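*Asks:* Once you've had a glance at the structure underneath, I'll fire off some questions.
The values are calculated or read from the model by the stated rules, or taken from the named source; none is laboratory data. Quick caveat: nothing in here was measured; it's all calculated off a predicted structure. Ideal geometry is used to build each Cβ from the backbone, glycine not excepted, and the neighbour counts take in all protein chains shown. What goes into the accessible areas is simple: the full protein's heavy atoms, side chains included, and nothing from ligands, DNA or RNA. Shrake-Rupley method; radii C 1.70, N 1.55, O 1.52, S 1.80 Å.
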Amino acid sequence: MNVGCERTAKVKAPPKIIDTGGGFFLEEEEEEEHKIEKIVHQPGPVLEFDYLICEECGKQFMDSYLMQHFDWATCDNCRDVEGKHKLITRTEAKQDYLLKDCDLDKREPVLKFILKKNPHNSQWGDMKLYLKLQVIKRSLEIWGSEEALQEAREIRQDNREKMKQKKFDKKVKELRRAVRSSLWKRGTGSHQHEYGPEENIEEDMYKKTCTICGHELTYEKM
(Lines give C-alpha, C1' and ligand atoms only; values in the text may rest on other atoms or scores of the structure.)
Protein backbone atom coordinates (compact mmCIF):
# COMPACT_ATOMS: atom_id res chain seq x y z
CA MET A 1 0.00 0.00 0.00
CA ASN A 2 1.41 3.36 -1.04
CA VAL A 3 0.98 6.26 1.33
CA GLY A 4 1.14 9.78 -0.18
CA CYS A 5 -0.13 13.32 0.13
CA GLU A 6 -0.53 16.43 -2.05
CA ARG A 7 -0.35 19.99 -0.72
CA THR A 8 0.21 23.56 -1.85
CA ALA A 9 2.71 26.09 -0.58
CA LYS A 10 3.46 29.74 -1.21
CA VAL A 11 6.92 30.49 -2.53
CA LYS A 12 8.60 33.67 -3.60
CA ALA A 13 8.51 34.42 -7.33
CA PRO A 14 11.43 36.15 -9.13
CA PRO A 15 11.35 39.93 -8.39
CA LYS A 16 9.41 42.08 -10.91
CA ILE A 17 11.25 45.19 -12.27
CA ILE A 18 9.11 48.42 -12.28
CA ASP A 19 10.17 51.57 -14.18
CA THR A 20 9.30 54.54 -11.96
CA GLY A 21 9.85 57.09 -14.74
CA GLY A 22 12.12 59.03 -12.43
CA GLY A 23 15.25 57.52 -13.69
CA PHE A 24 15.42 54.45 -11.47
CA PHE A 25 13.81 51.07 -11.20
CA LEU A 26 12.07 49.25 -8.31
CA GLU A 27 12.02 45.56 -7.57
CA GLU A 28 8.69 44.24 -6.39
CA GLU A 29 8.46 40.83 -4.80
CA GLU A 30 5.37 38.77 -5.26
CA GLU A 31 4.26 35.49 -3.82
CA GLU A 32 3.02 32.80 -6.10
CA GLU A 33 1.09 29.77 -5.15
CA HIS A 34 2.73 26.59 -6.37
CA LYS A 35 1.44 23.08 -6.14
CA ILE A 36 3.96 20.66 -4.67
CA GLU A 37 4.14 17.33 -6.35
CA LYS A 38 2.55 14.33 -4.69
CA ILE A 39 4.98 12.61 -2.32
CA VAL A 40 4.77 8.80 -2.32
CA HIS A 41 6.08 6.81 0.65
CA GLN A 42 6.87 3.12 0.11
CA PRO A 43 5.79 0.89 3.04
CA GLY A 44 8.54 -0.69 5.13
CA PRO A 45 9.21 -4.45 4.95
CA VAL A 46 6.93 -6.70 6.97
CA LEU A 47 8.97 -9.03 9.21
CA GLU A 48 7.45 -12.46 9.74
CA PHE A 49 8.89 -15.13 12.05
CA ASP A 50 8.29 -18.86 11.56
CA TYR A 51 7.93 -20.07 15.12
CA LEU A 52 8.34 -23.74 16.00
CA ILE A 53 6.15 -25.65 18.42
CA CYS A 54 7.91 -27.63 21.16
CA GLU A 55 6.77 -31.27 21.18
CA GLU A 56 7.15 -31.40 24.96
CA CYS A 57 5.53 -28.23 26.33
CA GLY A 58 3.60 -27.04 23.26
CA LYS A 59 5.06 -23.54 23.45
CA GLN A 60 6.49 -21.57 20.54
CA PHE A 61 10.23 -21.15 20.12
CA MET A 62 12.54 -19.88 17.39
CA ASP A 63 15.60 -22.12 17.77
CA SER A 64 17.15 -24.69 20.11
CA TYR A 65 20.11 -27.06 20.45
CA LEU A 66 18.13 -30.13 19.35
CA MET A 67 16.53 -28.26 16.44
CA GLN A 68 19.84 -26.90 15.23
CA HIS A 69 21.78 -30.17 15.38
CA PHE A 70 19.11 -32.88 14.94
CA ASP A 71 16.01 -31.16 13.46
CA TRP A 72 14.12 -32.24 16.58
CA ALA A 73 11.41 -29.80 17.63
CA THR A 74 12.12 -29.47 21.35
CA CYS A 75 12.99 -26.22 23.09
CA ASP A 76 16.06 -25.87 25.29
CA ASN A 77 13.93 -25.65 28.46
CA CYS A 78 12.47 -29.12 27.81
CA ARG A 79 15.69 -30.82 26.70
CA ASP A 80 16.40 -33.87 28.91
CA VAL A 81 20.12 -34.48 28.45
CA GLU A 82 20.38 -37.58 30.67
CA GLY A 83 17.04 -39.12 29.81
CA LYS A 84 14.74 -38.76 26.84
CA HIS A 85 17.12 -36.66 24.74
CA LYS A 86 20.29 -38.54 25.56
CA LEU A 87 23.01 -38.84 22.92
CA ILE A 88 24.58 -42.24 22.18
CA THR A 89 27.65 -43.33 20.25
CA ARG A 90 27.60 -44.97 16.84
CA THR A 91 28.79 -48.24 18.41
CA GLU A 92 25.86 -48.22 20.86
CA ALA A 93 23.42 -47.49 18.05
CA LYS A 94 24.67 -50.50 16.09
CA GLN A 95 24.98 -52.95 18.98
CA ASP A 96 21.94 -52.06 21.11
CA TYR A 97 19.51 -51.35 18.26
CA LEU A 98 20.95 -53.74 15.63
CA LEU A 99 21.63 -51.09 13.00
CA LYS A 100 24.09 -51.36 10.14
CA ASP A 101 26.27 -48.60 8.70
CA CYS A 102 23.91 -48.21 5.75
CA ASP A 103 20.98 -47.72 8.15
CA LEU A 104 22.75 -44.73 9.64
CA ASP A 105 24.48 -43.27 6.59
CA LYS A 106 22.38 -44.11 3.53
CA ARG A 107 18.78 -44.77 4.51
CA GLU A 108 16.71 -41.60 4.04
CA PRO A 109 16.56 -39.39 5.91
CA VAL A 110 20.21 -39.81 6.93
CA LEU A 111 20.51 -39.56 10.71
CA LYS A 112 22.19 -36.39 11.94
CA PHE A 113 25.04 -36.51 14.44
CA ILE A 114 27.56 -34.31 16.19
CA LEU A 115 31.29 -34.92 16.53
CA LYS A 116 32.97 -35.02 19.92
CA LYS A 117 36.54 -35.69 21.00
CA ASN A 118 37.07 -39.19 22.36
CA PRO A 119 37.29 -38.85 26.17
CA HIS A 120 39.48 -41.96 26.48
CA ASN A 121 42.20 -40.84 24.08
CA SER A 122 42.33 -37.54 22.23
CA GLN A 123 44.56 -39.16 19.58
CA TRP A 124 41.73 -41.45 18.49
CA GLY A 125 39.17 -40.31 15.96
CA ASP A 126 36.23 -38.12 16.95
CA MET A 127 33.12 -39.90 18.20
CA LYS A 128 29.83 -39.60 16.34
CA LEU A 129 26.96 -38.97 18.73
CA TYR A 130 23.35 -39.59 17.68
CA LEU A 131 20.07 -38.60 19.29
CA LYS A 132 18.80 -41.78 20.97
CA LEU A 133 15.17 -41.04 20.08
CA GLN A 134 16.01 -40.92 16.39
CA VAL A 135 18.07 -44.12 16.63
CA ILE A 136 15.14 -45.95 18.24
CA LYS A 137 12.80 -44.63 15.57
CA ARG A 138 15.12 -45.83 12.80
CA SER A 139 15.47 -49.25 14.45
CA LEU A 140 11.70 -49.69 14.60
CA GLU A 141 11.43 -48.69 10.93
CA ILE A 142 13.75 -51.58 10.08
CA TRP A 143 12.55 -54.27 12.51
CA GLY A 144 8.88 -53.32 12.45
CA SER A 145 8.17 -53.48 16.19
CA GLU A 146 9.80 -53.57 19.61
CA GLU A 147 8.93 -57.27 19.89
CA ALA A 148 10.70 -58.11 16.63
CA LEU A 149 13.72 -56.10 17.71
CA GLN A 150 13.88 -57.92 21.04
CA GLU A 151 13.63 -61.29 19.30
CA ALA A 152 16.52 -60.35 17.00
CA ARG A 153 18.55 -59.34 20.04
CA GLU A 154 17.95 -62.71 21.68
CA ILE A 155 18.94 -64.57 18.52
CA ARG A 156 22.14 -62.56 18.27
CA GLN A 157 22.92 -63.18 21.94
CA ASP A 158 22.32 -66.89 21.47
CA ASN A 159 24.71 -66.95 18.52
CA ARG A 160 27.30 -65.18 20.63
CA GLU A 161 26.94 -67.80 23.36
CA LYS A 162 27.35 -70.57 20.80
CA MET A 163 30.49 -68.96 19.42
CA LYS A 164 31.83 -68.53 22.93
CA GLN A 165 31.13 -72.20 23.72
CA LYS A 166 32.78 -73.29 20.49
CA LYS A 167 35.84 -71.27 21.37
CA PHE A 168 35.88 -72.76 24.86
CA ASP A 169 35.63 -76.31 23.51
CA LYS A 170 38.56 -75.62 21.24
CA LYS A 171 40.65 -74.42 24.19
CA VAL A 172 39.73 -77.53 26.21
CA LYS A 173 40.74 -79.76 23.31
CA GLU A 174 44.08 -78.00 23.08
CA LEU A 175 44.54 -78.37 26.84
CA ARG A 176 43.86 -82.13 26.75
CA ARG A 177 46.30 -82.50 23.88
CA ALA A 178 48.93 -80.61 25.84
CA VAL A 179 48.39 -82.75 28.94
CA ARG A 180 48.63 -86.01 26.93
CA SER A 181 51.82 -84.77 25.33
CA SER A 182 53.25 -83.97 28.74
CA LEU A 183 52.37 -87.42 30.11
CA TRP A 184 53.85 -89.16 27.11
CA LYS A 185 57.12 -87.29 27.42
CA ARG A 186 57.23 -88.04 31.13
CA GLY A 187 56.68 -91.76 30.47
CA THR A 188 59.55 -91.93 27.95
CA GLY A 189 62.07 -90.75 30.46
CA SER A 190 62.07 -87.13 29.53
CA HIS A 191 62.55 -84.51 32.24
CA GLN A 192 59.73 -83.43 34.52
CA HIS A 193 58.44 -80.02 33.56
CA GLU A 194 59.16 -77.18 35.91
CA TYR A 195 56.61 -74.52 35.12
CA GLY A 196 57.11 -70.84 35.70
CA PRO A 197 54.51 -68.33 36.94
CA GLU A 198 50.95 -68.54 35.77
CA GLU A 199 49.82 -66.23 32.93
CA ASN A 200 46.27 -65.16 32.09
CA ILE A 201 45.88 -65.35 28.31
CA GLU A 202 42.13 -64.91 27.76
CA GLU A 203 39.12 -64.63 30.07
CA ASP A 204 39.28 -67.81 32.23
CA MET A 205 42.14 -69.38 30.28
CA TYR A 206 45.65 -69.52 31.78
CA LYS A 207 48.99 -71.04 30.85
CA LYS A 208 52.30 -71.99 32.39
CA THR A 209 55.59 -72.38 30.53
CA CYS A 210 58.26 -74.91 31.41
CA THR A 211 61.44 -73.11 32.37
CA ILE A 212 63.55 -75.98 30.99
CA CYS A 213 62.06 -76.93 27.62
CA GLY A 214 59.58 -74.15 26.96
CA HIS A 215 56.55 -76.45 26.92
CA GLU A 216 53.30 -74.55 27.50
CA LEU A 217 50.52 -75.93 29.67
CA THR A 218 47.17 -74.30 28.93
CA TYR A 219 44.18 -74.73 31.21
CA GLU A 220 40.99 -73.09 32.41
CA LYS A 221 39.97 -71.94 35.84
CA MET A 222 36.28 -72.31 36.46
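*Asks:* Out of (1) touching a Leu at 6+ places or on another chain (Cβ under 7 Å); (2) open to solvent by less than 40 Å² (accessible area, probe 1.4 Å); (3) of a type outside the set (Ser, Thr, Tyr), what's the single condition that is false for residue 172?
*Replies:* Failing condition for residue 172: (1).
*Asks:* Give the residues of segment 88-107 that are of a type outside the set (Gly, Ala, Ser) and open to solvent by less than 40 Å² (accessible area, probe 1.4 Å), sorted by residue number.
*Replies:* Answer for segment 88-107, where residues must be of a type outside the set (Gly, Ala, Ser) and open to solvent by less than 40 Å² (accessible area, probe 1.4 Å): 88, 89, 97, 98, 99, 103, 104.
*Asks:* Contact list please: Cβ distance under 6 Å, first residue in segment 152-168 and under 21 Å from residue 142 (Cα atoms), second residue surrounded by 11 or more Cβ atoms within 10 Å (Cβ to Cβ), pairs at least six apart or on different chains.
*Replies:* Hits for this filter: 152/98.
*Asks:* Still on this structure: Using the structure shown, decide if residue 54 is over 25 Å from residue 154 (Cα atoms) and touching an Asp or Glu at 6+ places or on another chain (Cβ under 8 Å).
*Replies:* no
*Asks:* Restricting to segment 110-144, what's the tally of residues that are closer than 15 Å to residue 100 by Cβ and hydroxyl-bearing (Ser, Thr, Tyr)?
*Replies:* Qualifying residue count for the region: 2.
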